[in-house]
Each structure stands twice: as C-alpha cells, then as structure tokens.
Amino acid sequence: MRARAAGDFRGRLESTILTPLTQSSRGYYALVLFLLAVVGWGFYAFLVQLRYGLRSTGMGDVVMWGMYLVNFVFFIGISHAGTLISAILRVTHAGWRTPVTRMAELITVVAISIGALMPIIDLGRPDRVWHIVIFGRFQSPLLWDIVSITSYLTGSLIYLYLPLIPDMALMRDRLAREASSLKYKIYSLLAVGWRNTPEQRHRLEKAIGIMAVTIIPIAISVHTVVSYVFSMTMRPGWDSTVFGIYFVIGAIFSGIASIIIVMAIFRKIYHLEEYITERHFRNLSYLLLTSLFLYLYLTFGEYLTVGYKMKVEEKHLLELLMLGKSAFWFWFFVLGGLVLPAILIMFRRGRTITRIVIASILINIAMWIKRFLVLVPSLQVPLMPFEFGAYTPTWVEWSITAAAFAAFILIFAIFAKIFPIISIWEVAEENELEVSPVVRETVERGLPVPERR
Amino acid sequence: MGNKEKNLTRRQFIQRSVGAMGVGAVLLSPLVPVLNRPKTPVSPAKVEPAQKKTRNWTMVIDLKKCDGCVTIDQPAQCTQACIQAHFVPKGQQWIEVYEAELAGGGTFFMPTPCFQCENAPCVNVCPVAATYHNEDGVVLIDHRRCIGCRLCMAACPYQRRFFNWGTPELPPEAALAEYSPIYPVPAVKGTVIKCMFCAHMLQEGKLPLCVNGCPMKAIYIGDLNEDIATNGGEVVKLAKFLDENDAYRYKENLGTQPRVWYLPGHGQDFGRKPLDLRRAKPVFWPWGGEGDRLRPGVWPWKEPGNWTWQEGVK
C-alpha cells in the first residue's frame, strides 16, 4: 500500500467505516428480526393471493390496477437517486459527491429490484411470466419497460460494483490474518486481484467513467417508458405527451429526497458527521429544490392544459382529484409535498439538516400519494355510461406493500454489514485532492494522477 | 467417425433407426386421432371447407328497437343469452346494456358488446400477443398465453374487457366444454376475457347468441365483404342499411374503428318513450355463486367468517 501524507485522515476514515462491519448492536439484530417478520408476513399475503387469485386485492374490472403498480412507479422513481448523484455528479466532477455515491448507487440497485418485482406480483398469472421472454412483442410498452429496467439493473449493479473493488481489496488485506475464513475468500473474490497499481487504477477510472456516461440515458429511458405504459392508453390523465419527462423529473425529485433520508440515517447511526457534512445536505437540497420547481411547473402545466379545455373525461378526473373523493390527498400532495418542502428548504432558520430531512420525508410521502393519484383516479373515471369505479386496498395489498418497504430497509441493513457504506478510497482521494489543488486540477483535466510524495 | 468408435456401422445405424421409427410409429398410432382432433367441435359447416371465405364481421344495433327489455319486464335478453351459453363468470357482462342520456334528459338503452376494433388498442399493447385479430377481424384472447397484466383493460376505451380475478364459479357442465379462443369456456383464472362475437357460432354458420336472444330483433350481424346482414328475421343490404339509418360508431373520434354500428333511437319501435322511468332489470347467473365481490380474510381457510364482502367494486 502507498504511504499517505493524510494517513491520519485515512486511518480515522477506515476505522469509522469498517467498525460497523465487525460489530453489531442488539438494536441492529432487533431491527433485522422485525424487518424479516414484516417480509415474512408479506410473503404469507402473497401466498394467499396466489391461492385465491387477485380477487384477494381491492382491484376490480374498472379500477384494474392498484397499489402494486403505485409501488412499482414509486420504487423505480427512487432508483433514480443513484444515477443522479453518482453519474451526473461524477460526470460534472462534483468532488463533494464522494461520501454519498455508494449509498446512492445502493438505493438504485435495491429500489429497482423491489420495484421490478411489483408488476410480477400484480400479474394474474405469475406462473406464466416466462411468456414475456418467449412470446414477447416489442410493440407493447410493457416490453420496453422490461428491456429498460433489466438494462438499468445490470448497469447499476456494475456501477455499484466497480467503485467497490478497491474497498474490497482493502477488506481482503485487513483480513489477511485469517486467510482461511470464508469472509476472506469472498472479499478476495470480489477484489478481483486489485493491487492498486497505476495501470489498474487507470482502467478502473476509465470503466467507471464509461459506466457513468452509459447509465444516464438508460436511467432516463427507464422512467420514460414506465410512464409510456400509462400514456400509450387513452385514459384521462394518462393520455399526455408530457408524461415521459413528468415521470423522469418526479423520479429524480423523489430520488434525491430518498438519498437525503438515507444519508441522514447512516450519518446518525454510523457517526459519519466528519464525512457527510451540512454541505452535502445543502448541496443536495439545491438539487432537490430545482427538481421540486420543475415538478411543480410540469404539474401545473399538465392540469392547466386539460382543465382549460374540460373534455368530458378529463373534467371528471379533475373534479375527482381537486374537489371530489381524492381532493384531500391531492391538496396534501400540493401543500405538503411541494409548497411546505419548498419553504423548508428556502427559508434558512433553525437547523439546516433537520429542515432538509423533514422536507425530504414529506416529499417522499407526498410522492407516493401522487403516484396513487396518477394511477387510481384515472381508472375510476367511467369510460362508459356508469358510475365512478371504487378502489379500497385490502389487507393483502397493504401487507405486500409493507413487506416491500421492509425488504428495502432490510437489504440496506444487510449490505451495510458486508460492504463499506462509504467509498473509502474515493473519499480518501478526494480529501487529498482538497489538500493539494494542483492534483485536483490534474484530475479534472483527465490527466493521470502523478504518483508523488 | 463417431459411429466406428461405438462399433456401429453405417448400415447398422440406418437399420436400427428405421426399426426404432417403425416401433415408435406403431406405439404412437393411437395418438393420431387425438392429434388430428379439430380445435373446435365438429360441425356441419366444417364439412365444406372449400367454401371458406375471409369474413369482415360487422354488427349493427338498432337502438330504435332496443327497449332494454323493459316492455317485456325481463332482464336484457341479449346479456342473459350470452351469460348462459358462455358460462360467463359472475359479475361480467360481455354484452352489457347501458342506459345512456339523450339530449333532452330522456334516456336510451345501449347494448354494448366488444366492438372488435380494427385498430384495437388492446391488441396493440399486449406484451405476449395473447390477444389478436383472427382472419375474420374478430379480436380473440388466447387464455393459455395471457399473463394477466391487464394492460389491455387499461387500453380499452370502452371498458369491454373483464378479468377473472379468482377461480371462476361455473356450473359443472362448463367443465365439459373444450376450450378454444373462439369459445373461451371454462374461463381461466387470472386472465382477461371478453365478448368474441360468438366466433364459434359464426364459424358454424349460426347467429351469435345475443342476436338470437334479442326478442326485439334489434341486433344484426353481417359481413361487410358480402355486404349483407341479418337479425335472424330479415336480411338487409349492409352498406345501404347503414347509410339509410344514419349509423354511427361509439367514440368514432378515437380512431379505433369499431366493428359495431349503432342506429340512433330509444326503443320507439316498441313504444318506449325517452322519459320512460323503467330501468333495465338486473341480469342473473342461474348457477349462483358469490361473484367476485367476496374477499379472503387474513385466515381465509376459516370460511365463511373470514371472507369479507367488498361493496362497490365492479
């Protein structure tokens, strides 16, 4: 290993990040057990659904999609956190991103995996899911989804793994004493012979750079085609040309909010105050505010353009949303998910991090509700001369939804025990760069880092 | 070369292969009639396959004659005939009689089968080609292929598709029917189902069940290629009939090109007035069952206490 001038910083960093990997508190086990119980209960609910069919849900012939697809859109939305923070910030050389990238990429991978399960749970015949492979036709927007989401999952897994390699090597070297243990073997396997040679570093940087550029269009395509499943139909509210970008912005919006929440949690539990500072929250809150205003703008435009013309079905939808049964939730979304968070972020009074985290939690709750409002009321509007459709989720749907959220946290909890939650080598490197502006400039120009000191 | 290694000459190889094929053919011969069995019940029409023509099936519903069966005080007979002949699962009405509003506040009855659109949104979005047009223009569903994603139901602008949310409750005789996409009986759990223009009847040269079932003879079925249609009583020249009666298609502006035409009216041919207050009587399922409204509770096997009635779900 190279001797480092900032060895002190690195030593502290390693011990802070690596300690939780070897020591687990009783609270941790309690949390894991609780989450496992929730996931288990959700699995039981799914078995009931398999046995009795989708009649165990609140869906019907009129409102034929429900909470499962709301969760699908929500989780796929959250998954955009990773791309934005990691890829866009990497491409733009935003140095402050380094302590946050690992968490963001992890959110992406976990959220896509859980999100992608949702439409399968929603299928009437999950036993025939392989039909999509053998009979799949590309004229269907569902196929676009599948291609896009699987590419995104693959891409994000690679993108999560590549920056992990030097950290895996670090773990391997630290465990060298117990060379026979299973842990050592796993870490050496994952480290793929990383010796931190200049050539290896060059290749890694290059690979990460390529992935960062590749993953941005894939990520945008994912939420675009998720919206296309809806906007390729003639339903009121869905039949919209702006839906692609509306969903993408919504995804980035809720994605940033999620990463802020995850950051705050790990900062507190893992004592990462030195690495994740107020600056990170502030910088992310600027991005959050930008996407908030974009989303507000698109929402405004979306409802104004249909509300001005008042086509019969759109009129029914707007009445349902703004004055009818869904009005409470709609105005909760507008006030609690857009106006209040904007105020919390913009007016700097009180503790910055607390304000931003509260805003993010509000945003994520409101965005889940917003996805519900995009899906269900559009389906409730009758297209034939009959009454509005009704939809009340049953215990099966609530259980599976709870299990999805529990699984999300559970995978995070387990991952955080196996892999360092902060990219040690990148943070250490960034710290050095901050020490020496000359090196920083060299790196930003894409020149190889001189091996000096 | 491989044969030599196994001590098998070319001659032996050929002999044995032919022998094996012969034995196999003898053993499998009982399967021949099974494999040759037609997908649909053998019918007289099948005897003359030479007359097979491509049809352009079209339905015309004369609303002047449709009184929602209120004047005979019966549930809509088209729906009822359809339910009983196709063992339609409870809660689904493949042809449904809606009461729609006229300009002045009166109402008219509108029987609504699947419109078998030429530019069918449901066919466009199906991810596995489980729903498709047959050569006669009818939109069918292959319930052995459908994965139950319900994207077609979202796409249908007429809400004419239904889902088998649970195991359909059917009378025992439904199990005897031989399934085919043109006669989707018995209904398959977890798949989408709808009116298929009685393709099984048309194939045999018979009229669809709603056409036969309508006591007012309001429903015509015809072939645009042959330019002819019938309601079981009279035979009309289709194009002229459509023109002279100001035929229209529901939601024409969507561009779906339905194969079902309406002739405007409110049942006046049978004396029904627009302001008639009589509603259509609800249809019934002779074999009963709970329909799709009963939801399993948390411990569903502890019946019946643990099943809940879900109101308002259609």
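Derivation of every value follows stated rules applied to the coordinates shown; laboratory data play no part. What you see is a predicted model; the values in this text were computed from it and never measured. Here Cβ is always computed from backbone atoms with ideal geometry, including for glycine, and neighbour counts include all displayed protein chains.
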Ordered by fewest other Cβ atoms within 10 Å, a rough proxy for footprinting exposure, B:D62, B:D246 read B:D246, B:D62
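Which of the GluC sites (Glu not before Pro) found in the stretch B:147-226 are loop residues per DSSP with 16 or fewer other Cβ atoms within 10 Å of their Cβ? Walk me through the intermediate numbers first.
Working: sites: B:E169, B:E173, B:E178, B:E204, B:E226; in loops: B:E169, B:E178, B:E204, B:E226.
Sparse-neighbourhood loop GluC sites (Glu not before Pro): B:E178, B:E204, B:E226.
With +1 on each Lys and Arg Cβ and -1 on each Asp and Glu Cβ, how big is the dipole of the stretch A:11-444 about its Cα centre, in debye rounded to the nearest 20?
Details: 36 positive and 28 negative charges, 114 e Å.
Dipole magnitude for the stretch A:11-444 comes out near 540 debye.
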A chain fully extended from A:R282 to A:S24 at 0.36 nm per residue, minus the present Cα-Cα distance, gains in nm 89.8 nm
If unit charges are put on Cβ atoms (+1 for Lys and Arg, -1 for Asp and Glu) and the dipole of the stretch A:161-218 is taken about its Cα centre, the option from A:V213, A:Y184, A:L162 lying farthest towards the positive end turns out to be A:Y184
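Holding the Cα-Cα limit at 31 Å, pick out from B:K53/B:K189; B:K64/B:K206; B:K206/B:K240; A:K183/A:K268; B:K64/B:K251; B:K64/B:K194 the pairs that are longer than that.
From the list (B:K53/B:K189; B:K64/B:K206; B:K206/B:K240; A:K183/A:K268; B:K64/B:K251; B:K64/B:K194), the Cα-Cα distance tops 31 Å for B:K53/B:K189.
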Trypsin sites (Lys or Arg not before Pro) in the stretch A:169-200 lying in a DSSP loop, each with at most 15 other Cβ atoms within 10 Å of its Cβ, come to A:R195
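Based on DSSP loop calls and a cut-off of at most 13 other Cβ atoms within 10 Å, the longest stretch of chain A free of exposed GluC sites (Glu not before Pro) is what?
Numbers: sites that count: A:E273, A:E274, A:E387, A:E451.
For GluC sites (Glu not before Pro) (loop position, at most 13 other Cβ atoms within 10 Å), the longest site-free span of chain A is A:1-272.
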Between B:K240 and B:K217, Cβ-based FRET efficiency (R0 22 Å, step 0.05) works out to 0.75
Listed with the fewest Cβ neighbours within 10 Å leading, A:Y28, A:Y295 appear as A:Y28, A:Y295
Applying the gyration tensor rule to the Cα atoms of the stretch A:135-217 (axes a ≥ b ≥ c; rounded if a/c under 1.5, else prolate if a/b exceeds b/c, else oblate), the class is oblate
From DSSP H assignment alone, runs of 4+ in chain A each adding -39500 (n - 2.57), the sum over residues rounded to the nearest 500 puts [θ] at 222 nm at -23500 deg cm²/dmol
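For Cα pairs less than 8 Å apart in space and 6+ apart in sequence, what is the mean separation divided by the residue count of the stretch A:11-444, i.e. the relative contact order in percent?
On the way: 533 pairs, mean separation 135.3, N = 434.
Averaging sequence separation for qualifying contacts and normalising by length gives 31 percent for the stretch A:11-444.
Under the definition of partner shielding as Cβ atoms of other protein chains within 10 Å of a residue Cβ, what is the mean value for peptide A:230-238?
Numbers: counts 2, 0, 6, 11, 10, 4, 0, 0, 1.
Partner Cβ neighbours, averaged per residue: 4.
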For the stretch B:55-288, averaging the sequence separation of alpha carbon pairs under 8 Å that lie six or more residues apart and dividing by its residue count, the contact order in percent is 34
Output field shielding_mean for B:123-132 (other chain Cβ, 10 Å radius) holds 6
Percent antiparallel among DSSP beta bridges confined to the protein assembly as shown, rounded to 5, stands at 85
Isolated cysteines for the protein assembly as shown, Cβ-Cβ cutoff 4.7 Å, are B:C66, B:C69, B:C82, B:C117, B:C126, B:C146, B:C149, B:C156, B:C198, B:C214
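Under the classification rounded if a/c is under 1.5, otherwise prolate if a/b is larger than b/c and oblate if not, where does the stretch A:79-182 fall, given a ≥ b ≥ c as square roots of the Cα gyration tensor eigenvalues?
Working: a/c = 3.09, a/b = 1.66, b/c = 1.86.
Verdict is oblate for the stretch A:79-182.
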Where a ≥ b ≥ c are root eigenvalues of the Cα gyration tensor, a/c under 1.5 meaning rounded, otherwise prolate if a/b exceeds b/c and oblate otherwise, the stretch A:289-412 counts as oblate
Each label sits 7 Å from Cα toward the beta-carbon; between A:Q139 and A:T392 the label points are separated, in nm, by 4.1
Note: probe point = Cα of A:L47 + 7 Å toward Cβ; backbone nitrogen < 20 Å; residues of the stretch A:380-403 passing the test are A:395-403
Rounded to one decimal in nm, the spacing of the 7 Å Cα→Cβ label points at A:E302 and A:K315 is 2.3
Rounded to a whole number, the mean other protein chain Cβ count within 10 angstrom for residues of A:135-144 is 5
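At a 10 Å Cβ-Cβ cut-off, how would you order A:R349, A:R10, A:R203, fewest neighbours first?
Details: A:R349 7, A:R10 19, A:R203 11.
Ranking A:R349, A:R10, A:R203 by Cβ neighbours within 10 Å, fewest first, gives A:R349, A:R203, A:R10.
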Of all chymotrypsin sites (Phe, Trp or Tyr not before Pro) in the stretch A:317-378, the ones in DSSP coil with at most 11 other Cβ atoms within 10 Å are A:F347
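Counting pairs of alpha carbon atoms under 8 Å apart in space and at least six apart in sequence, what relative contact order in percent does the stretch A:82-226 give?
Values: 116 pairs, mean separation 47.6, N = 145.
Over the stretch A:82-226, the number comes to 33 percent.
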